[in-house]
1. Taking R0 as 25 Å, what's the FRET efficiency between ASP418 and HIS249 from their Cβ-Cβ distance, rounded to 0.05?
2. Determine the relative contact order of region 260-335: mean sequence separation of Cα pairs under 8 Å and six or more apart, normalised by residue count, in whole percent.
3. Rounding to the nearest 10 and keeping the result within 0 to 90°, find how far the Cα-based axis of helix 344-364 lies from the longest principal axis of the chain.
4. Calculate one ³J(HN,Hα) per residue across region 224-234 by plugging θ = phi - 60° into the Karplus curve 6.51 cos²θ - 1.76 cosθ + 1.60, and present them in order as whole Hz with x for glycine and proline.
5. If each of THR65 and ARG457 carries a label point 7 Å out from its Cα toward its Cβ, how far apart are those two points in nm?
6. With axes computed from alpha carbons, what is the tilt in degrees of helix 25-43 against the longest principal axis of the chain, rounded to the nearest 10 within 0 to 90?
7. Percent relative contact order of the chain, based on C-alpha pairs within less than 8 angstrom and at least six residues apart?
8. Taking the chain as the reference, fit the longest principal axis to its C-alpha atoms, fit the long axis of helix 328-340 to the helix C-alpha atoms, and give the angle between the two in degrees, 0 to 90, nearest 10.
Amino acid sequence: MTVGHPPLTSDRSAPSDARTERFGAPTLRLAGLIGLLAFVLNAIAVGVPRPWRDEAATHMANERTLPQLWSMLERIDAVHGTYYLLVRVWQQLFGEAILSLRMLSVLAVAVGAALMTLLGAELFDRATGLWAGLGYALLPPLTGAAVEARSYALATALVTGAMLAFRLATRRRGYLWWVCYTVLAAASIYVFLYAALAYVVLAAMLIWLPARARVSACVSTAAAAGLSVPLLIRVSGQSAQVSWLEEYHYGLPQIVADAFWGQVDWLAWLGVGLSLVALGHAVRLLREPALRAPVVWVLGWLVLPSVILCTVGAFAAVYHPRYLGFSVPALALLIGLLLSRLSGRRLIAALVVYAVACVPPLVASRLPNAKPTVAAAVAVLAENSRPGDALYIVRYDRHALAWSFPDAVQQLNNVGADTGDGWRAEELKQPSLGVRKIADRLTSVQRVWIFADKGWRLPETEAAFAHLGFHPLRTVSVDPGYPVTLVLLERTG
């Protein structure tokens, strides 16, 4: 068996040592190639899936002026504020279409795959870096993040970069890599707060570090934590934003299959089987002193965030499988380490299992209805509405619908819209005014469609319209993708 890098010790070798060579020109070229391949692979059909409400939130946040956005973030969505600002710059360069916004995530996955190739080579060897980089480009949670106009892909790439910077800082003189680690770690937390859990494992690495490096590691990590305090203070007052997680129930399938393989079905369990084989292989490698430190690093990065989040989740609504995407690179490393030690039929068999577990989810994530959207409800509206019909939205957002489904929605008269601008400084969604406040807008309207997100406050809304002379003509409950109740009201008398 080929032995990888020695553990994190006080080695002061010159830049020409074997480990540095693995981070030399051949490895850099390999990382560039893997990054390019990841970009091409994840860019395929990235604009095909219809956008869903979380992606629409990214768009809506940046419809505001900077003062309005800042004011809104003081009340809601501060956890996504840094990402919104980055997207704002991106939009100035490449536009606000869904394809443009998702390409930022595609680029993040590509950069992350390249960084993973370097990290795998640094921790183990170039072969591990190759397979780990390819795994980063293919694992379902990351190919899914690439087709999301949200922060997950970017945060995961930043965490991977921070881990690489930490590794380089522990074995090279100077403070440049410690500064890089501090900046990348803080940036990853600002882009996605839960990314802070990824750095818990680095505490275990202290026992393998020389005294000087321990001090630098502690100072740098404390600096990253200190830089993140303002965000933590702001977000702590907005915990109600994730109250919807109280309705979410998770168990072993979500913790193991959904979080790391992007779904819960036989394909995911096939991937879980491969993960267990890789885990067993890594545990056996713990017997080799030269591999103990990097293997513990990878195992901790993979397991500790899940353990912490699930433990906290038993007492508070904080857990969702997608929140652990920053641990998926550790799985890519673990499987890459296994593949680099296999050959012949065993390698072919493992690659077949890997491909079967990864490729179908990649294809499925690029289909038009891949996301939980209100497309089915909008299709009912498009098929049954008439010119002059009005639309009254309960809980959902007019701008989200209009951006996601412009052809079907923009032809309807949104009678409930708050046409003022003050709401933009306080709320993410454009609220609908109370029915009684829009009576004058309804004087020439004969038919109104109520669009009730999950049937929210539907009885009260129907009763309010009844006072104005509108009565139900048809009710349609649409469940596929995202539950919506549509009610067609018609003026009587």
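What follows draws every value from the coordinates through simple rules; no lab data is involved. Quick caveat: nothing in here was measured; it's all calculated off a predicted structure. For neighbour counting, all protein chains shown are included, and Cβ atoms are generated from backbone atoms with ideal geometry for every residue, glycine included.
1. Numbers: r = 35 Å, r/R0 = 1.40.
So, using R0 = 25 Å, E works out to roughly 0.10.
2. Numbers: 45 pairs, mean separation 29.2, N = 76.
For region 260-335, the relative contact order is 38 percent.
3. It works out to around 20 degrees.
4. Using θ = phi - 60°, the values come out as 4, 5, x, 5, 8, 4, x, 5, 4, 4, 5 Hz.
5. Roughly 2.8 nm, to one decimal.
6. In the chain, helix 25-43 runs at an angle near 20 degrees to the longest axis.
7. Numbers: 806 pairs, mean separation 94.6, N = 493.
So the answer I get is 19 percent.
8. Once rounded, the angle reads 40 degrees.
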